[in-house]
Amino acid sequence: MVSKESVQIQLKQIGFNHITWGKSEVDELPNIILPEEVIYECVNGYYEAGFSLLVATNFRVLLIDKKP
């Protein structure tokens, strides 16, 4: 598990702003990201099941859909 601060630093480095939309998905990232994984891109979006967060790392592409 990665620290929340580490994820926040990586998101800030790529210029991702998640103040309101996608907050629950961003909060889930520390539980999903591996310690050696680096976030390259991140985007909020909408698909047939609702809102989600698409994250590209150096190892994989993640679709995070955290429902309340």
>> Restricting to the range 16-34, name every residue that is of a type in the set (Val, Ile, Thr) and over 10 Å from Leu53 (Cα atoms).
In response: Ile19, Thr20, Ile32, Ile33
> Which pairs have Cβ atoms under 9 Å, sit 6 or more apart or on different chains, and link a residue in the range 31-55 that is within 18 Å of Lys12 (Cα to Cα) and in contact (Cβ under 8 Å) with a residue 12 or more places away in the chain to one that is assigned to a strand (DSSP E or B) and of a type in the set (Asp, Glu)?
Replying inline: Leu54/Glu41; Val55/Glu41
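Values quoted throughout were computed directly from the atomic coordinates according to the rules given, and no laboratory measurement underlies them. Keep in mind that what you see is a predicted model, and the values were worked out from it rather than measured. Here Cβ is always computed from backbone atoms with ideal geometry, including for glycine, and neighbour counts include all displayed protein chains.
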